[in-house]
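Only one structure is covered here, and it is reproduced in the block below.
The values are calculated or read from the model by the stated rules, or taken from the named source; none is laboratory data. What you see is a predicted model; the values in this text were computed from it and never measured. Here the Cβ is made from the backbone with ideal geometry for all residues, glycine too, and neighbour counts use every protein chain on show. Ligands, DNA and RNA are excluded from the accessible area calculation, which covers all protein heavy atoms including side chains. Shrake-Rupley method; radii C 1.70, N 1.55, O 1.52, S 1.80 Å.
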Amino acid sequence: MDVEEYVPGEIEVLQDDKELTVKGRVETNLGGNITTRTFHRKFHIPHNTREEDIDSALSKDGILTVYVPKK
């Protein structure tokens, strides 16, 4: 997932009962005007995965990768 416009503290990867949620939020202040950008995506976690081993990583060039290993 391309999240180049966000820094690590502005992105959340949450796991809850067969669902993975990725959220991002960034606020910018340009000349007194505050702009907020957000995204919220949900993904179904397949039954044949090791949920306890799900992990995510953010690359230097802004690519978020979520690892969902199979059983």
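List of remarks:
- Looking at region 3-48, the trypsin sites (Lys or Arg not before Pro) that sit in a DSSP loop and have at most 14 other Cβ atoms within 10 Å of their own Cβ are 18.
- Largest to smallest in accessible area, the residues 67, 6 fall in the order 67, 6 (1.4 Å probe, all protein chains included).
- Dipole of the chain [Lys/Arg +1, Asp/Glu -1 at C-beta], most positive-end residue of 31, 56, 9: 56
- Relative contact order for the chain: 30 percent, from Cα pairs under 8 Å spaced at least 6 residues apart, divided by residue count.
- Fraction of accessible area attributable to carbon and sulfur, the chain (%, probe 1.4 Å): 47
- Rounded, prolate or oblate (a/c below 1.5 giving rounded, otherwise prolate when a/b exceeds b/c) for the chain by Cα gyration tensor: prolate
- Table column - 3J(HN,Hα) (Hz), region 8-17, Karplus curve with 6.51, -1.76, 1.60, x for Gly and Pro: x, x, 9, 10, 10, 10, 10, 10, 8, 6
- For region 33-47, putting each phi into the Karplus relation 6.51 cos²θ - 1.76 cosθ + 1.60 with θ = phi - 60° gives couplings of 9, 8, 10, 10, 10, 9, 9, 8, 10, 10, 10, 6, 8, x, 5 Hz, in residue order, rounded to whole numbers and with x for Gly and Pro.
- For the chain, the number of Lys pairs separated by eight or more positions or lying on different chains, with C-alpha atoms closer than 26 Å, is 9.
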